[in-house]
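Reading through the structure tokens given below for one structure.
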Amino acid sequence: SMLEAAHENDLELEGKNHDFFVGACEGSLACSTCHVIVMDMEYYNKLEDPTDEENDMLDLAFGLTETSRLGCQIV
Ligand code: FES
């Protein structure tokens with residue numbers, strides 16, 4: 001997933017942007033801290049649709065938008 005890729009590449013994303021890749025539950029869909037807003041509609045439309053579980057978590061995310069996703073679920 002995007003979250004794993006970020007970790008593998010040792011990107012220090014934590015704390016830089018609170019909406020981006022904080023990933024408190026490490027991708028187990030138990031938090032919404034990895035909430036990302038996809039800015040590119042074209043890219044958004046290429047992504048797999050979010051699962052019901054992801055949507056449930058997204059409902060709890062701060063500042064939800066039309067193109068919000070959970071970073072750990074974007075593969
Ligand atoms: Fe917790 Fe993505 S890291 S839902």
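For the reader, a short list of remarks on this structure follows.
- Leading residue by the ranking (surrounded by the most Cβ atoms within 10 Å (Cβ to Cβ)) among those in region 33-67 that are hydroxyl-bearing (Ser, Thr, Tyr) and within 14 Å of the ligand (Cβ to nearest atom): Thr33
- Region 40-66 residues that are part of a loop (DSSP other than H, G, I, E, B), paired with ones that are surrounded by fewer than 12 Cβ atoms within 10 Å (Cβ to Cβ) (beta carbon under 8 Å, 6 or more apart): Glu48/Val75
All of the numbers you see were taken from the coordinates with simple rules; none came from a lab. As the structure is a prediction and not an experimental result, all values here were calculated from the model. Cβ coordinates were reconstructed from backbone atoms using ideal geometry, including for glycine residues, and neighbour counts include every protein chain displayed.
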